[in-house]
Amino acid sequence: MDTMISAAMNIMDTALDWMAVAFDAPSARAVVFGVHIGGHLFVEGLLLVVILFLLSQKSYKPPKRPLTKKEIDELCDEWVPESLIPPLTEEMHCEPPVLESAAGPHAVVDGKEVVNFASANYLGLIGHERLLDSCTSALEKYGVGSCGPRGFYGTIDVHLDCEARIAKFLGTPDSILYSYGLSTMFSAIPAFCKKGDVIVVDEGVHWGIQNGLYLSRSTIVYFKHNDMNSLEHTLEKFTSQNKRAKKLRRYIVVEAVYQNSGQIAPLDEIIKLKEKYRFRVLLDESNSLGVLGSSGRGLTEHWGVPIEKIDIVTAAMGHALATEGGFCTGSARVIDHQRLSSSGYVFSASLPPYLASAAITAIDVLEENPDLITKLKENIAFLWKELSNIPGLSIASDPRSPIVFLRLVKPTGSLKNDLHLLEDIADRVLKEHYVFVVASKRSTLDKCQLPVGIRLFVSAAHTEGDLLKASDALKRVAASVLIN
């Protein structure tokens, strides 16, 4: 090693001498193999040789000495394992309201009766006598369920009856039941969309759809929320720039009523773009089933679009039908494919039979009482009118949406600060006026691009007094928090 360092030093000394010559005499030249070379070029060449020489030498490594037992014990005593979770800050500590009754239009929260606008009970069927009787009969006959997947020993006749009833109500060939509402969306999407496929999706879709997009491993392209010009531009750009576009499976994913904004999708325009650019459409009707259309059949009935033009329709049953689970409906081929390849269906325990029975009864009640839809629409219009001049907040939702969505007129510029203001308003409305509303919280996994807001779920079971109480409470608290 000493020899190598000495040789390198000699070479460097020579190079420095040549550099001195070059600086003292700019015109100095060296003769190498009979060729005259400028001084600076010779120096650069020597430096290059030195660098290559040093790089070619083996690095010095001190001899390894095994640690003694004492040293090992000391290292083990000093070692501190990394925390399993990040440390909790004061902001992370949260005590959510505790519900102590059925989530009807009036509920008991933390021991106090409140007017409930936090539950999506659109038709007011929670606690309905016919649904309770249906659940009781199913429990007596089937118990709470088989606890097995549908494909093994979990299929009960009431599941088949419910699937047939949904298909008949919506006018489709077949449907399939899922045990959990959200699992419908994030299981159906990966069942059809795979790596290499392309999905064009609204930037405001809820977390269930976002999770399905992630699990599909497809190429995801977002367009501006409910903006058909943006959708058309996105479709045109993709098809014109991708030579293999016609060979790829391509989908458009939208919600009928967006849970994160209360906006209603213009399905008639979406269908025109679908047919023009040859895409398939996956539509989530979770917040439109039982709400839109003259008979509650959802967005297709609302816009007068034949349901056959929609390739895949999904919905959660916990919003209008006052039960749990979800379904996907469409052609027989679409449904059969999910029975073999949809993880939420294949690997999950089947829907408890009393919930399937409740869904059948809820559809029967809806068909027999179309006035429920009329009452819901009247309540939505009334609440819209009362909240139209609320200080510091504006209504961002569609006038026909059962989700009335309030956003800040002047955002702070920080999502965290906006959410803090909205949660403060919701907490004070609950504690001071006994009206239960919620802010649209976002988790770290939620990639929604829309602003946060206060979300009110309107029900056909709300009275005019309930609506007035909610609007008055929000006006008072918003004026106190945002204006003063």
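Can you tell me how many residues within the range 411-456 are within 17 Å of the chain's Cα centre (by Cα) and assigned to a loop (DSSP other than H, G, I, E, B)? Explain how you work it out, then say what you get.
Narrowing the range 411-456 to residues within 17 Å of the chain's Cα centre (by Cα): 415, 439-453, 455.
Cutting the leftovers down to assigned to a loop (DSSP other than H, G, I, E, B) gives us 440-453.
Qualifying residue count, the range 411-456: 14.
Need the failing condition index for Thr136 against (1) in a helix (DSSP H, G or I); (2) within 29 Å of the chain's Cα centre (by Cα); (3) farther than 23 Å from His206 by Cα, just the number.
Here Thr136 meets the rest and fails (2).
Residue check: is Leu231 surrounded by 17 or more Cβ atoms within 10 Å (Cβ to Cβ) and at pLDDT 95 or above? Steps first, please.
Values: surrounded by 17 or more Cβ atoms within 10 Å (Cβ to Cβ): yes; at pLDDT 95 or above: yes.
Here the answer is yes, as Leu231 does meet what is asked.
Among residues belonging to the range 139-167 that are among the small types (Gly, Ala, Ser) and in a loop (DSSP other than H, G, I, E, B), point out the one that is nearest to the chain's Cα centre (by Cα).
So the first thing to find is which residues in the range 139-167 are among the small types (Gly, Ala, Ser), and the list is 143, 145-146, 148, 151, 154, 164, 167.
Next cut, in a loop (DSSP other than H, G, I, E, B) only: 143, 145-146, 148.
Numbers: Gly143: 34, Gly145: 30, Ser146: 31, Gly148: 28 Å.
That would be Gly148.
When you check Ala349 against the structure, is it in contact with a Phe, Trp or Tyr (Cβ under 9 Å, 6 or more places away or on another chain), in contact (Cβ under 8 Å) with a residue 24 or more places away in the chain and either among the small types (Gly, Ala, Ser) or within 25 Å of Ala118 (Cβ to Cβ) (or both), yes or no? I'd like the intermediate steps shown before the answer.
Values: in contact with a Phe, Trp or Tyr (Cβ under 9 Å, 6 or more places away or on another chain): no; in contact (Cβ under 8 Å) with a residue 24 or more places away in the chain: yes; either among the small types (Gly, Ala, Ser) or within 25 Å of Ala118 (Cβ to Cβ) (or both): yes.
Considered against the rule, which asks whether it is in contact with a Phe, Trp or Tyr (Cβ under 9 Å, 6 or more places away or on another chain), in contact (Cβ under 8 Å) with a residue 24 or more places away in the chain and either among the small types (Gly, Ala, Ser) or within 25 Å of Ala118 (Cβ to Cβ) (or both), Ala349 comes out as no.
Kindly indicate the residue of the range 236-258 that is at pLDDT below 95 and either aliphatic (A, V, I, L, M) or within 18 Å of Ile312 (Cβ to Cβ) (or both) and also least open to solvent (accessible area, probe 1.4 Å) among those meeting that condition. Steps first, answer last, please.
Step one: list which residues in the range 236-258 are at pLDDT below 95, which gives 236-250.
Subsequent filtering for residues that are either aliphatic (A, V, I, L, M) or within 18 Å of Ile312 (Cβ to Cβ) (or both) retains 245, 248-250.
Working: Ala245: 4, Leu248: 32, Arg249: 101, Arg250: 19 Å².
Applying the filter and picking the extreme gives Ala245.
Anything in the range 82-122 that is without any contact (Cβ under 8 Å) to a residue 24 or more places away in the chain, among the hydrophobic types (A, V, I, L, M, F, W, C) and part of a loop (DSSP other than H, G, I, E, B)? List them, or say none.
Hits for the range 82-122 are Leu84, Ile85, Leu88, Cys94, Val98, Ala103.
Does Lys385 satisfy being free of Cβ contacts under 8 Å to residues at least 24 places away in the same chain and open to solvent by 50 Å² or more (accessible area, probe 1.4 Å)?
Numbers: free of Cβ contacts under 8 Å to residues at least 24 places away in the same chain: yes; open to solvent by 50 Å² or more (accessible area, probe 1.4 Å): yes.
Answer is yes for this residue.
Scanning the range 67-125 for residues that are open to solvent by 100 Å² or more (accessible area, probe 1.4 Å) and among the acidic types (Asp, Glu), which turns out modelled with the highest pLDDT?
Looking at the filtered set, the residue picked out is Glu113.
Looking at Ala439, Ala473, Ala478 in this structure, which one is in contact with a Pro (Cβ under 6 Å, 6 or more places away or on another chain) and either of a type in the set (A, V, I, L, M, F, W, C) or more than 30 Å from His128 (Cα to Cα) (or both)?
Values: Ala439 fails: in contact with a Pro (Cβ under 6 Å, 6 or more places away or on another chain); Ala473 fails: in contact with a Pro (Cβ under 6 Å, 6 or more places away or on another chain).
The conditions single out Ala478.
In the range 460-481, which residues are buried (at least 23 other Cβ atoms within 10 Å of the Cβ) and assigned to a loop (DSSP other than H, G, I, E, B)?
If the condition is that a residue be buried (at least 23 other Cβ atoms within 10 Å of the Cβ) and assigned to a loop (DSSP other than H, G, I, E, B), then Ala460, His462 are the ones that fit.
Return the only residue of Val291, Val305 being touching a Phe, Trp or Tyr at 6+ places or on another chain (Cβ under 6 Å) and not in a helix (DSSP H, G or I). Walk me through how you get there before you give the answer.
Values: Val305 fails: touching a Phe, Trp or Tyr at 6+ places or on another chain (Cβ under 6 Å).
Exactly one residue qualifies, and that residue is Val291.
Considering (1) out of contact with any strand residue (DSSP E or B) (no Cβ under 9 Å at 6 or more places or on another chain); (2) small (Gly, Ala, Ser); (3) surrounded by fewer than 23 Cβ atoms within 10 Å (Cβ to Cβ), say which one Ala138 fails and leave the rest.
(3) is the only condition that Ala138 fails.
Take the residues in the range 388-410 that are assigned to a loop (DSSP other than H, G, I, E, B) and either in contact with a Pro (Cβ under 6 Å, 6 or more places away or on another chain) or basic (Lys, Arg) (or both), then tell me which one is surrounded by the fewest Cβ atoms within 10 Å (Cβ to Cβ).
Lys410
Kindly provide the set of residues from the range 311-342 that are among the hydrophobic types (A, V, I, L, M, F, W, C) and either open to solvent by 10 Å² or more (accessible area, probe 1.4 Å) or assigned to a strand (DSSP E or B) (or both), ordered by number.
Taking the range 311-342 and keeping what is among the hydrophobic types (A, V, I, L, M, F, W, C), we get 312-313, 315-317, 320-322, 327-328, 332, 334-335, 340.
The answer is Ile312, Val313, Ala315, Ala316, Ala322, Phe327, Cys328, Ala332, Val334, Leu340.
Might you let me know whether the range 284-296 holds any residue that is under 18 Å from the mean Cα position of the chain (by Cα) and closer than 23 Å to Arg249 by Cα?
yes
Taking the range 277-290 on its own, how many of its residues are out of contact with any strand residue (DSSP E or B) (no Cβ under 6 Å at 6 or more places or on another chain) and either open to solvent by less than 50 Å² (accessible area, probe 1.4 Å) or free of Cβ contacts under 8 Å to residues at least 12 places away in the same chain (or both)?
To start, the set of residues in the range 277-290 that are out of contact with any strand residue (DSSP E or B) (no Cβ under 6 Å at 6 or more places or on another chain) comprises 277-278, 290.
In the following step, the residues that additionally are either open to solvent by less than 50 Å² (accessible area, probe 1.4 Å) or free of Cβ contacts under 8 Å to residues at least 12 places away in the same chain (or both) were identified as 277, 290.
Total meeting the criteria: 2.
Quickly run through the range 170-195 and pick out the residues that are closer than 24 Å to Glu301 by Cβ and surrounded by fewer than 20 Cβ atoms within 10 Å (Cβ to Cβ).
Gly171, Pro173, Asp174
Just to be sure I understand the filter: pairs with C-beta atoms under 8 Å, separated by 6 or more residues or on different chains, first member in the range 185-207 and under 15 Å from Leu283 (Cβ atoms), second member among the aromatic types (Phe, Trp, Tyr) and in a helix (DSSP H, G or I). Which pairs pass?
Hits for this filter: Val200/Phe238.
The values are calculated or read from the model by the stated rules, or taken from the named source; none is laboratory data. The structure displayed is predicted, hence computed values, not measured ones. Positions of Cβ are generated from backbone atoms using ideal geometry, with glycine treated the same way; all protein chains shown enter the neighbour counts. Keep in mind that these areas ignore ligands, DNA and RNA; they rest on the heavy atoms of the full protein, side chains included. Shrake-Rupley method; radii C 1.70, N 1.55, O 1.52, S 1.80 Å.
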